[in-house]
Amino acid sequence: MAVKKEDKFPVARRYQIADVQVSREATAVKPQVVVNLIKKAKHPVLITGGQLLKDEKLVEIAVKFYEKGIPIIATGGSSKPLIEKGVKPQSVVFTLHQVTQFLLDEEWKGFDGKGNYDLVLFMGFLPYYLSRMLSALKHFSKITTVALEEFYQPHAKFSFTNLTANKDMYYSMLEEIVNNL
Amino acid sequence: MAFELREGIFAIDEMRNVSIKIGKVIEEAEEWAEEMGPTPKPGIIELRKWDMKLLERYEPFYAPVQDFCNLCTMGPCDLSQNKKGACGIDLKTAKARLVTIACCIGAASHGGHARHLLDHLIEELGEDYPIDLGGNVNVEAPIIRTVVGIRPRTLGDLREAMEWAERELMRVLHATHIGNEESYLDYESKAMHISMVDHVVMEIADIAQIVAYNMPKAEPNVPLTDTGFGIVDKNKPVIVVVGHNVLYSKPILDYLEEMGRLDDFEIAGLCCTAHDMTRVSGGRAKIFGPISYQLRVIRSGIPDVMISDEQCIRADLLQACKAMGIPLIATSDAAARGLPDASDWPVEKIVNALVSGELPGVFLPVPEKVGQVAPLVAEAIFKKHGGNRKYRFFANDEELWNEINKCTQCMSCVFTCPHNLRIDQGMAHAQKTKDLSKLAKLEEQCIACGKCEQACPKNIKIINVIMASNFDRLYNKKGKMRVGRGPIQDTEIRNVGQPIVMGQIPGVIAAVGCVNYPDEAKSLREILEEFVKRRYIVVTSGCHAMTLGMITDEEGQTLYEKTPGDFDAGGLANVGSCVANSHIAGAAIKIANIFAMRPLRGNYAEIADYVLNRVGAVGFSWGPYSHKAAAIATGFNRLGVPVVVGPHGAKYRRAYLGKYFKKEKWWVYDIKTRSKVPIEPAPDALLVAVETKEEAIVQLARLCIRPNDTSLGRQIKLTHYLELSQKYLGKLPDDWHLFVRSEADLPLKMKDELLHILESEYGWKIDWDKKKILEGPIRKYDAGFNPTIVEEVYEKYAGEKPPQ
Amino acid sequence: MAERKRVEVPEGVKKKEVSGVPESFPFEISPMFEGERVRKGDMYVELGGPSQPGFELVIALPKDQVEDMKVTLIGPDLDEMEEGKAYPYAMIYYVAGDQVDNDLEPVIERRNHDFQNYIEGYMHLNQRYDIWIRISKGAIKKGLKSLTEIALATMFLFKNELPFIEKIEAVYITDKELVEKLLNEMAMPIYEERDARVEQLHDEDVEEFYSCTLCQSFAPTNVCVISPDRPSLCGAITWFDGRAAARVDPEGPNRAVPKGECIDPIGGEYTGVNEFAKEESGGEYDRIKLHSFFEYPHTSCGCFEVIGFYMPEVDGIGWVHRGYPDPAPNGLTFSTMAGQTGGGKQVVGFLGIGIAYFRSKKFIQADGGWYRVVWMPKELKERVLKYIPEDMRDKIATEEDAKTIEELKEFLKKVNHPVVTGVVRPVDGKKITEGWKEEEEEKVEEVVEEKAEEAAPAEAAQPAAQPVQQPMMPMQPVQMPAIPQIQMPQIQLPAAGQQPGIKLIIKDAKIIIDKVIIRGKEEKKGGK
């Protein structure tokens, strides 16, 4: 079910009211924008976090991303359910903290040796943990970051709006992305 | 008599009316014969070279919380995208500066505490009061010996270390003034420096209180003490102490003991003063819990009097106590709380003012008076209500439901809660189904910070609702914690030397720090139990130690009751309060001295270099929150010990993360072969934040690996790393092959399988007849490998300059 | 020498044979189960233990007599056993390989305990004929059906860890008659033979010793040389263990050390050993006398179980074990003394050893062995009592006999310990010490008397080393620490006005004054 323009679209409320920065906040986007970003990217990647251990639906979505050709870096233990479903993550043991440090290094060739990633999607993280990593990427790199979370992430370049009050809409937005890849 | 007064030697014919005062007479043997090393009492510059070596490999990573600075009147300045502010500082450097300030605050806290304790104890017991930590502790103050270069024999000797520390704090804090450092690396060096100072002052504080107050001296078999919310008898007056300084809680115990009335009262503590109270009293005092239990305890009306001192206490303590009619006695000048100074008042006057309600509290920095006032007030207050108000967050159920029904699910609370707890969902569920279980679940994670109530437009007493919803479980969250034992014995360290090199002990996990856990508190036990089972040595302190004392299993036992308190394989040793963390760093230092006889005196860089390359210990703070924790962690880092923190730790802004793919950064000098050798990236981070408990477990096992492991040692470490990765991450870790130096490093039961993988996936060459690895490892294993990254250390032992 | 033969399976006894490692085992294998304890309530069955006979035995056989990875079970298997009961249990392993010999049998055998404990749900205690096994109910629930699975898992681990085992075969027996028969006829004689060999094997009998540099991981210059008469100081490695480890990995931390020529048979010095030590210690030292306390003593890393210390006052050696918390008669604790040695340095005056060295016939023989030992804690002495020559047993003091040097002197005189009159070294009959000399009278007496004449309240003579507790005022009787320098002429200190008759005479003293503060005209300090 695509989110139509007319639908009552939730306000982009920050996951933490006091996580305020001077620099511009993330643009709240609808699924089609994300699809376009992915299609235009040269070396996209999806990084999954520990919340996949608590939410089966996110695992399913991640598997669909993988099946559509988006490589996955699995952190926080999210690799376990993904591997059980046949996914081969590019990395399982490095924390998001470390992966972000690597991303910030322009000389890094990525886990697959094809060069650094230019579009990084995030799904399934503790909001306050992800926010810090996005902040680092915002200020110290030019990588385009997209947060596909339930909570609006102000420091990504692009983020879903705040969907905490409507989990179904969240899932359907994720479905819409993978279906259109 | 006439004589000329000039410098030099001269003869005196006669002396009249002369008194000769001789300050110190010591036997020649008592003078410390160990040669002074290169950096006694170091300033900022002396160890900078060592810091730069660490920072070169473990590159600082910054995750800004704020991207602007408003510390001076030229601002506020936008520093986003690493822009420079009005003073010229850029975002990275501004963050590094903040980190330095945080570490200064941490060091100052422990330092202030240490100075206060030390001065008081010297006044009470004298300069010459001896430092004796028992027959099995020969190296009584490893950190002081190494950093300051003195061997303290008496309380008076500790002053020298204290004075040096205070001097350093001034220097480092000064450097955070606007218009100082330009380089974020130099700020990091200063942060490391002041954090090392932090370790010194912690050692001062703990040694002083152990010897002065006769706390357990490195004993593994210390008593167990009651820990948890439901531990007090509500039919007795309850005295609650919160804070860090045992100076103010001990007099209460002393007074009651003198009066023979210890059994008529309940005395329980929150945070480190609880630890130290139980160490003093042999477990007779009790522990409510860590700092997250302050509001739980106050709002449930348990205390009949509250005594606060310093650090980590709620800044609205007076308000909270007032609301419940609990008199407050503030004792520290760091937290006078706007209360009138009652130092000179007679005890009766104080008691009357508090009991009558005339004053909600007093500022009373006089320990002996506190000792008397507290019980008198508690008893009188108790008489007023007879125990009726204890353990009740609400007067009745109706009140509870009134609050719940006010909620409109606006989610203001969710967006201010540090954990983004779904209070809205809990309330909605309760409203619809009259079932409190969703709200109850929140209690397991709630740190009772009260932000939700501040944000709520309907002023709902959210904390009370959450606590009341889980009341039964909360009340029963009680168990036993082993009292803090202080240092690790020299003999315990000798004891584990052989098992470590023979691969029977895989490593040391030190679970220390605060309570901002990302998960339910029991996750801490789950993580540590995994390591206790696997025969790691587990050490704990502070709020972590207390939390472990409250988590019981199906048999109603805490981890302490199932595990011995020895510093040994499969043991769980609680060193004590936060200042006792110095003993953990001290143990790492002692290893260098006991096994390699590396001289400690003023020899920090060599010792830290030894620890980095050899000692497989990892610090673990699952819920860090304070500046003290930041300083403690950074202090460990300078010593070469990596630390894993929970996800909230990312908000410290700075991490030290090495990059395994930068091969040129992973090298050592090998003294034995007189060469520069590439090594495996172990450990590959000094400070890293994990997201989940699964990730924590794997990272802890991974970061125990060290370049100088023996084959058996590496084998056991890899066995656990690989097993844990398969268990929690679903497959072998991506980097395990980097840690294989020879076939002897391979876990036994997987040897064949792993050799196949090395050949097929990584292109290594295997001799299948002999099951030997011919080509592929970064380096071979040599038992005599003698690594160092410090040129001066190389020169000292090799007798020549290191190769390029 | 007891013969090594395959076990003959008697007629008509139930037998099960399985070969080859299965795809997977119905249990986890991991070192994390090492400390696992199976309590009575949780156990499915007990094997061996206090109520049933049991033993484990490894024997070396020629390659053609061993069928690799085959296990034969004689007697009832797990599925025929009754829950909660105890059964007899024998585990016999045949091992073969080019490098396998009888000396390696006990080394391999000891690993049975380690490996079997890695198996989840299976607890193995003790060794040889004391073995005590329990299998948990949980293990059965997880699918453990047969002891053959245990055997195959164990053999799999053996081969992985010890690649010099080219072939290994197991025979497990749960038939009571057969277990008892083999215990008496086969196992016990072999154990006794081995003990005798250890007992009788000496440094002279072998071509090479073995080194251990495992601890160089922490103490970079430490090299342990392990010989039949000198086991490791950490207690973990005997000459046989070293031999096995060197076979596994000749380039590893345990290597063969060819003796070379014997330079000093009593002290135990060999050219080969010296060369090796020089090389492996990075040149830190180049001579070791294996059985000497005073000359080129063996180094240690810090994990020694016992430390020896020399007390010059009695010309004897004392020993303290790790874990004894009180000070020895020299006033030092184990930890303090241990801090003086270790780190791979040769330190004379202290020696770290393993408890097993007390058993050695060459126990510090260069210095008189037991005849030079004057003190050990009671706990330690009882543990090694049977190795102390009978004529010395009552002459070695414990903390019950002496806690200070003075008390020790008394005791040693009383029992007429050899150190008093001079120790005769048993190995060659040479007298190596002179015995105690007559003590020189301290000149303190005279000085005190002199002072007593001049100063009113005289104090008793104190040994010169007493520190002064109070600042010295002319009004109080004082003790002067002995200041040895002779520089100054005599100085007389007149007494202060109020107290009568106390004169202080400072003779031969050098006074160094840090600061002289000259105050106005109020006080006369040494002025006119």
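The values are calculated or read from the model by the stated rules, or taken from the named source; none is laboratory data. What you are looking at is a predicted structure, and each value in this text was computed from that prediction instead of being measured. Every residue, glycine among them, receives a Cβ derived from its backbone with ideal geometry; neighbour counts consider all protein chains shown.
Out of region B:534-557, which residues are within 21 Å of the chain's Cα centre (by Cα) and of a type in the set (S, T, N, Q)?
B:540, B:541, B:547
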Tally up the residues in region B:137-155 that are more than 14 Å from chain C (Cβ to nearest Cβ) and either closer than 18 Å to residue C:332 by Cα or in contact with an Asp or Glu (Cβ under 8 Å, 6 or more places away or on another chain) (or both), please.
6
Contact list, first residue from region C:352-368 and on the phi > 0 side of the Ramachandran plot, second anywhere and of a type in the set (Val, Ile, Thr) and surrounded by fewer than 22 Cβ atoms within 10 Å (Cβ to Cβ), beta-carbon distance below 6 Å, six or more apart or interchain, is C:368/C:432
Only listed residue being under 21 Å from residue B:216 (Cβ atoms), surrounded by 22 or more Cβ atoms within 10 Å (Cβ to Cβ) and not basic (Lys, Arg), chosen from B:161, B:191, B:141:
B:141
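Can you tell me which of B:420, B:464 is buried (at least 19 other Cβ atoms within 10 Å of the Cβ), polar (S, T, N, Q) and on the phi > 0 side of the Ramachandran plot? It would help to see each step written out before you state the result.
Numbers: B:464 fails: on the phi > 0 side of the Ramachandran plot.
Result: B:420 is the single residue among B:420, B:464 that is buried (at least 19 other Cβ atoms within 10 Å of the Cβ), polar (S, T, N, Q) and on the phi > 0 side of the Ramachandran plot.
If we only count helices (runs of 4 or more DSSP H) wholly inside region A:1-114, which ones have 2 or more residues that are at the interface with chain B (Cβ under 7 Å from one of its Cβ atoms), over 21 Å from residue A:127 (Cα atoms) and more than 15 Å from the chain's Cα centre (by Cα)? Write out each step before concluding.
Working: elements: A:31-40, A:56-67, A:79-84, A:96-103.
Qualifying helices (runs of 4 or more DSSP H): A:79-84.
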Please verify whether residue B:261 is within 29 Å of residue B:624 (Cβ to Cβ) and either in contact (Cβ under 8 Å) with a residue 60 or more places away in the chain or among the acidic types (Asp, Glu) (or both), treating the condition exactly as stated.
no
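Find the residue count for region A:162-177, including only residues that are away from chain B (no Cβ under 13 Å) and crowded, with 20+ Cβ neighbours inside 10 Å. Can you show your working first?
Quick first cut of region A:162-177, residues away from chain B (no Cβ under 13 Å) only: A:168-177.
Then drop every residue that is not crowded, with 20+ Cβ neighbours inside 10 Å, which leaves A:170, A:173-174, A:177.
Final tally of qualifying residues: 4.
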With (1) within 14 Å of chain B (Cβ to nearest Cβ); (2) over 23 Å from the mean Cα position of the chain (by Cα); (3) acidic (Asp, Glu) as the list, and residue C:241 as the residue in question, which single condition is left unmet?
(2)
Residue by residue through region B:564-611, note down the ones that are in contact (Cβ under 8 Å) with a residue 24 or more places away in the chain, within 14 Å of another protein chain (Cβ to nearest Cβ) and touching a Leu at 6+ places or on another chain (Cβ under 8 Å).
B:564, B:572, B:588, B:589, B:593, B:607, B:611
Contact list, first residue from region C:267-278 and farther than 23 Å from residue C:367 by Cβ, second anywhere and part of a helix (DSSP H, G or I) and modelled with pLDDT of 95 or more, beta-carbon distance below 9 Å, six or more apart or interchain, is none
Give me the pairs, please: first residue somewhere in region A:131-143 and within 7 Å of chain B (Cβ to nearest Cβ) and under 20 Å from residue B:691 (Cα atoms), second residue anywhere and crowded, with 24+ Cβ neighbours inside 10 Å and of a type in the set (Ser, Thr, Tyr), beta-carbon distance under 6 Å, and either six or more positions apart or on two chains.
A:133/A:100; A:136/A:100
Got at least one residue in region B:671-682 being more than 9 Å from chain A (Cβ to nearest Cβ), in a helix (DSSP H, G or I) and at pLDDT 95 or above?
no
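Which fully enclosed helices (runs of 4 or more DSSP H) of region B:441-533 have 3 or more residues being free of Cβ contacts under 8 Å to residues at least 60 places away in the same chain, aromatic (Phe, Trp, Tyr) and outside the structural domain of residue B:416 (by TED's automatic domain parsing)? Step through it out loud before you land on a result.
Numbers: elements: B:451-455, B:462-469, B:471-475, B:490-501, B:522-533.
Passing ranges: none, list empty.
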Is it the case, given these coordinates, that residue B:171 is surrounded by fewer than 24 Cβ atoms within 10 Å (Cβ to Cβ) and touching a residue at least 12 places away in the same chain (Cβ under 8 Å)?
yes
Out of (1) within 14 Å of another protein chain (Cβ to nearest Cβ); (2) under 25 Å from the mean Cα position of the chain (by Cα), the odd one out for residue B:486 is which?
(1)
Do you know which residues across region C:343-386 are over 17 Å from the mean Cα position of the chain (by Cα), among the small types (Gly, Ala, Ser) and not in a helix (DSSP H, G or I)?
C:349, C:368
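Just need a number here: residues in region B:432-451 that are touching a Gly at 6+ places or on another chain (Cβ under 7 Å) and at positive phi. First the steps, then the outcome.
Just the residues of region B:432-451 that are touching a Gly at 6+ places or on another chain (Cβ under 7 Å), to begin with: B:438-439, B:442.
Imposing the further condition that a residue be at positive phi reduces the set to none.
Count: 0.
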Would it be correct to say that residue B:91 is within 9 Å of chain A (Cβ to nearest Cβ), of a type outside the set (Phe, Trp, Tyr), in contact with a Gly (Cβ under 7 Å, 6 or more places away or on another chain) and crowded, with 24+ Cβ neighbours inside 10 Å?
no
So residue B:749, is it of a type outside the set (Ser, Thr, Tyr) and loosely packed, with under 15 Cβ neighbours inside 10 Å
no
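Restricting region A:144-161 to residues that are hydroxyl-bearing (Ser, Thr, Tyr) and more than 12 Å from every other protein chain (Cβ to nearest Cβ), which is surrounded by the fewest Cβ atoms within 10 Å (Cβ to Cβ)? Don't jump to the end; show me each part of the working.
First pass over region A:144-161, keeping only residues hydroxyl-bearing (Ser, Thr, Tyr): A:144-145, A:152, A:159, A:161.
From the residues that got through so far, the ones that are more than 12 Å from every other protein chain (Cβ to nearest Cβ) too are A:144-145, A:159, A:161.
Numbers: A:144: 18, A:145: 24, A:159: 26, A:161: 20.
Going through the qualifying residues, I end up with A:144.
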Only one of (1) under 37 Å from the mean Cα position of the chain (by Cα); (2) under 26 Å from residue B:712 (Cα atoms) is not met by residue C:40, so which one is it?
(2)
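Could we say that residue B:294 is part of a helix (DSSP H, G or I) and either within 24 Å of residue B:471 (Cα to Cα) or of a type in the set (Phe, Trp, Tyr) (or both) here?
Details: part of a helix (DSSP H, G or I): yes; either within 24 Å of residue B:471 (Cα to Cα) or of a type in the set (Phe, Trp, Tyr) (or both): yes.
For residue B:294, the condition - part of a helix (DSSP H, G or I) and either within 24 Å of residue B:471 (Cα to Cα) or of a type in the set (Phe, Trp, Tyr) (or both) - is met.
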Quick check on this structure: which one of C:164, C:209, C:156 is over 23 Å from residue C:47 (Cβ atoms), of a type in the set (Phe, Trp, Tyr) and within 14 Å of another protein chain (Cβ to nearest Cβ)?
C:164
Failed condition for residue B:100, given (1) of a type in the set (S, T, N, Q); (2) within 30 Å of residue B:157 (Cα to Cα); (3) within 11 Å of chain A (Cβ to nearest Cβ), with all others met?
(3)
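So which of B:716, B:697 is more than 29 Å from residue B:52 (Cβ to Cβ), more than 14 Å from chain A (Cβ to nearest Cβ) and surrounded by 24 or more Cβ atoms within 10 Å (Cβ to Cβ)?
Details: B:697 fails: more than 14 Å from chain A (Cβ to nearest Cβ).
After applying the criteria, what remains is B:716.
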